Amino acid sequence: MKKCLILLAILLTSVTVSFAQDVNVISPNGRVKAKVQISKEDIRYSVQVADEKIIESSPIAMTLQNGIVLGKNPKLAGGKKFVVNRDVPALFYRKSSIKENYVEWVLNFKGGYKLIFRAYDNGVAYRFETDFKDSIVVKNETVAFNFVSDFPAIVPYVNCERKAGEPIDKLFETSFENTYTTLEHVSQIDDQKLVFLPAMVMLPSGRKVVITESDLRSYPGMYLQNQHNGAALNGCFAPYPVKVEQGGHNNLQYRVKERADYIAKTEGQHAFPWRVIALSEQDKELVDNDLVYLLATPSKVEDCSWIKPGKVAWDWWNNWNIWGVDFKAGINNETYKYYIDFAAKSGIEYVILDEGWAVNLQADLFQVVPEINLPELVQYATSKGVGIVLWAGYAAMDKDMEHVCQHYADMGVKGFKVDFMDRDDQVVVEFYERMAATAAKYHLFVDFHGAYKPTGMNRTYPNVLNYEGVFGLEQCKWMGSDVDMPTYDVTIPFIRMLAGPLDYTQGAMRNASKGSYVPMWSEPMSMGTRCHQLAEYIIFDSPFSMLCDAPTAYLQEPECTEFIAAVPTVWDETKMLDGKVGEYVVTAKRKGDKWYVGVLTNWTARTLTIDLQELGIQSTTATAYLDGPNAYRKGCDYQKKTVNVSADGKLSVEVAPGGGAVFIF
């Protein structure tokens with residue numbers, strides 16, 4: 001029986017220190033250094049890589065409602081240094097095992113709390129841990145990133161506005177979907193807006209810094225704010241909701257009507273989220289940074305053998321728009337049997353019933369529309385070797401989670417796509433964990449939409465296969481041509497994907513070259529070429545991966561469908577070969593004895609030389625999906641062909657504007 005928890009050999013050393021004024025936390029390779037400065041007044045930290053200073057003296061504190069301030073007038077009771085070097089098994093991830101090597105200092109302070117700092121070769125992280133007898137109320141946490149200079153930044157703003165003088169509370173209800181804003185200076189971040197995580201700061205040396213968090217449990221998520229138009233970013237947290245009202249999208253949300261003057265209520269013994277500062281020497285290193293996964297709590301699911309990642313035929317993006325059939329397509333059994341037949345024929349593991357199968361506006365997952373006979377559909381799908389997944393709104397799931405999960409698991413449903421939380425205050429963060437644990441109890445997996453960024457729950461509950469928290473392909477149903485999706489597509493691997501998997505919902509068979517895109521609800525298209533869409537199945541980490549287009553469209557494109565059906569969704573090994581934020585990315589991933597290489601570019605056509613030597617590939621040829629000679633004017637133009645690898649392990653590829661390429665060895 002496969003187990004999620006595996007005992008590992010850990011090289012562990014410890015050193016004890018007492019009453020130090022400064023503690024240097026230095027990474028195993030000696031290049032990354034965090035200095036923790038403990039004075040009579042407060043605790044501060046700074047970060048540098050080699051000789052390049054990044055973050056200067058920045059305060060660390062946590063204010064409790066009873067007046068105690070962790071980090072104020074600190075009294076260090078002692079500390080221990082640990083050096084850890086181990087292999088961590090990774091489930092349903094971009095690699096099967098992660099090499100973890102870090103130096104950690106655990107600093108014990110009088111008054112019942114600890115501050116833990118870790119330095120990895122590719123980043124720094126710290127967290128508070130408390131050890132109080134009674135429960136505590138957290139008024140606020142001081143998280144500061146005081147950069148040594150006013151560096152450039154790439155940030156995603158919360159996608160709602162507030163005017164000067166309006167309360168910040170309205171910004172805490174957001175879908176966490178937006179494109180990136182590139183700024184010449186951190187100080188240019190709009191002080192009337194919030195930045196959601198992850199966010200990037202760019203250093204003069206070419207190094208990059210990505211700020212995010214990990215192991216977020218029973219605590220609100222962190223935003224960033226620039227309050228004084230300086231070179232500093234400060235953490236900001238949604239206050240605890242004390243009064244909510246059901247409403248929002250189709251009555252499936254809880255809208256906050258009143259918030260408390262504190263951010264969290266927790267048990268006295270609590271491990272607070274890791275504040276993560278990921279670092280890279282080269283851009284491409286960010287696409288394979290594992291800090292969020294490594295810092296998360298290990299799996300709480302003992303037996304994971306029942307969890308089956310894979311691909312899913314999706315209905316909503318293509319608007320149930322199938323053709324050439326003798327029935328009226330829509331939300332009915334005939335249509336879903338067509339999807340099931342397509343999935344079975346193509347080797348697609350799942351079919352999802354998105355919004356519409358449950359009676360609208362009732363927020364009741366036991367009220368099924370009369371056009372749908374769920375037991376019959378599940379039985380039909382099972383007979384074809386296909387699993388059924390159900391979409392569910394937040395309020396509908398929250399009010400009867402146990403019975404819903406038990407009922408549909410007994411019916412044979414395999415998982416839920418849970419949507420429209422659109423918050424990350426403590427109440428919603430606790431909903432995520434309760435949803436994950438309840439689903440695991442009934443052997444159901446979860447795909448979170450309307451979701452904040454991943455913070456490692458996919459390690460703690462491996463049945464959480466995917467998250468949205470991305471400005472995905474669904475936006476092409478309504479967004480204007482002023483939005484630049486190809487550039488966004490080659491930015492998210494370096495920033496958003498560092499946090500964890502993303503449900504971007506790729507796979508469009510209608511592909512628009514630059515200037516030819518138009519938004520269309522019923523027959524949507526993607527920006528960029530066909531090969532751009534295919535390469536996303538390799539480059540984007542997505543254990544539960546959608547096929548966004550209609551089955552009929554895929555049946556008319558057998559070459560592309562064959563590739564999509566065969567490409568893995570979890571991997572044994574990942575190597576980043578090349579890339580530059582916002583310009584292009586080249587990723588290699590291995591499953592078994594096959595290597596897949598994906599290439600994406602923005603609207604700039606490129607000729608790239610890919611060095612395959614580090615992959616150890618023996619083959620002198622590869623199966624390739626390449627932009628066709630007219631892809632610049634007709635996005636769906638592509639060629640499948642065999643290409644040669646040179647004797648020195650180099651491969652040259654031309655990609656069209658908004659283009660891409662796929663190679664299989």
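The values are calculated or read from the model by the stated rules, or taken from the named source; none is laboratory data. Keep in mind it's a predicted model, so treat the numbers as computed, not measured. Note that each Cβ is placed from the backbone with ideal geometry, even for glycine, and that neighbours are counted across all protein chains shown. Heavy atoms of the whole protein, side chains included, go into the accessibility calculation; ligands, DNA and RNA do not. Shrake-Rupley method; radii C 1.70, N 1.55, O 1.52, S 1.80 Å.
Annotations for the structure displayed:
- Overall Cα dimensions of segment 26-174 - principal axes, largest extent first, Å: 49, 38, 36
- One equal scatterer on each Cα of the chain, no solvent, Debye formula: the resulting log10 I(q)/I(0) at q = 0.09, 0.10, 0.12 Å⁻¹ is -0.76, -0.94, -1.37.
- Each residue of segment 650-660 was assigned a 3J(HN,Hα) from its phi angle through the Karplus expression (A = 6.51, B = -1.76, C = 1.60, θ = phi - 60°), giving 9, 9, 9, 9, 9, 10, 6, x, x, x, x Hz with x at Gly and Pro.
- Amide H to amide H, with H built 1.01 Å from N, Ser545 comes under 5 Å of Gly310, Lys311, Val312, counting only residues 5 or more places away or on other chains.
- Cross-link check: pairs Lys575/Lys650; Lys80/Lys133; Lys284/Lys589 evaluated at a Cα-Cα cut-off of 21 Å; pairs beyond the cut-off: Lys80/Lys133.
- Area accessible to solvent at Asp42, 1.4 Å probe radius, in Å²: 40
- This model, with +1 at the C-beta of Lys and Arg and -1 at the C-beta of Asp and Glu, gives the chain a dipole about its Cα centre of some 1460 debye.
- Nitroxide proxy distance, nm - points 7 Å out along Cα→Cβ at His228 and His403: 5.4
- Within the assembled protein chains, the solvent-accessible surface assigned to Arg31 is about 100 Å², based on a 1.4 Å probe.
- Under the Karplus curve 6.51 cos²θ - 1.76 cosθ + 1.60, θ = phi - 60°, whole-Hz ³J(HN,Hα) for segment 299-307, x wherever Gly or Pro sits: 4, 9, 9, 5, 10, 10, 5, 7, 7
- Shape category assigned to segment 260-388 from the gyration tensor of Cα positions, a/c cut at 1.5: prolate
- Centre separation in Å (Cα based) which lies between segment 79-137 and segment 370-403: 39
- More than 16 angstrom apart: percent of Cα pairs within segment 174-220: 52
- Modelled label reach - Gln282, point 7 Å along Cα→Cβ, segment 640-665 residues with backbone N closer than 14 Å: none
- For the chain: relative contact order, % (alpha-carbon pairs under 8 angstrom, 6 or more apart): 12
- Nearest-20 debye value, segment 500-591 charge dipole, Cβ charges on Lys, Arg, Asp, Glu: 200
- Overall form of segment 533-613 per C-alpha gyration tensor (a/c, 1.5; a/b vs b/c): oblate
- Cut-off under 5 Å, modelled amide H: who pairs with Thr142 long-range: Ala61, Met62, Thr63
- Dipole in debye (nearest 20) - segment 122-167, about Cα centre, beta carbon charges: Lys, Arg +1; Asp, Glu -1: 80
- Euclidean distance between Cα centres, segment 541-567 to segment 316-363, Å: 15
- Asp22 paired with Arg86, simple spin-label distance in nm, labels 7 Å along Cα-to-beta-carbon: 3.2
- Three-way shape call for segment 172-323 based on the alpha-carbon gyration tensor, with the a/c threshold at 1.5: rounded
- Here Lys300 and Val369 are evaluated by their C-beta separation; at R0 = 35 Å the FRET efficiency comes out at 0.45.
- Take Ile136: with every protein chain present and a 1.4 Å probe, its accessible area is about 10 Å².
- Size descriptor for segment 208-254, Kirkwood hydrodynamic radius: 13.8 Å (Cα pairs only, one decimal).
- Counting all C-alpha pairs of segment 446-529, share separated by more than 17 Å (%): 50
- Cα extents for segment 224-283 along the principal axes, largest to smallest and rounded to whole angstrom: 47, 34, 27.
- Residues Phe494, Phe92, sorted by accessible area with the largest first, give Phe92, Phe494 [1.4 Å probe; ligands and nucleic acids excluded].
- Zero-based 5 Å bins, Cα pair distances in segment 366-458, whole percents: 3, 13, 24, 24, 17, 10, 6, 2, 0
- Segment 406-470-segment 145-223 distance, computed between alpha-carbon centres (Å): 25
- Spin-label proximity, Phe327 to segment 377-400 - amide N less than 19 Å from point 7 Å beyond Cα toward beta carbon: 377-390
- Cα lying deepest toward the dipole's positive end in the chain, options Gly235, Phe420, Gln367, charges on Cβ: Gly235
- Straight-distance crosslink candidates among lysines, where the alpha carbon sits under 20 Å from Lys243 and sequence neighbours closer than 8 are dropped: Lys139, Lys170, Lys257, Lys265, Lys399
- An ellipsoid equivalent to segment 139-234, defined through the eigenvalues of its Cα gyration tensor, has semi-axes of 21, 16, 13 Å when rounded to whole angstrom and sorted largest first.
- Diffusion coefficient (Stokes-Einstein, Kirkwood radius over C-alpha pairs, 4 °C, 1.567 mPa s) for segment 411-458: 115 µm²/s, rounded to a whole number.
- What the phi angles of segment 314-320 give under the Karplus curve with 6.51, -1.76 and 1.60, with θ = phi - 60°, is a coupling list of 10, 9, 5, 4, 8, 6, 6 Hz, glycine and proline written as x.
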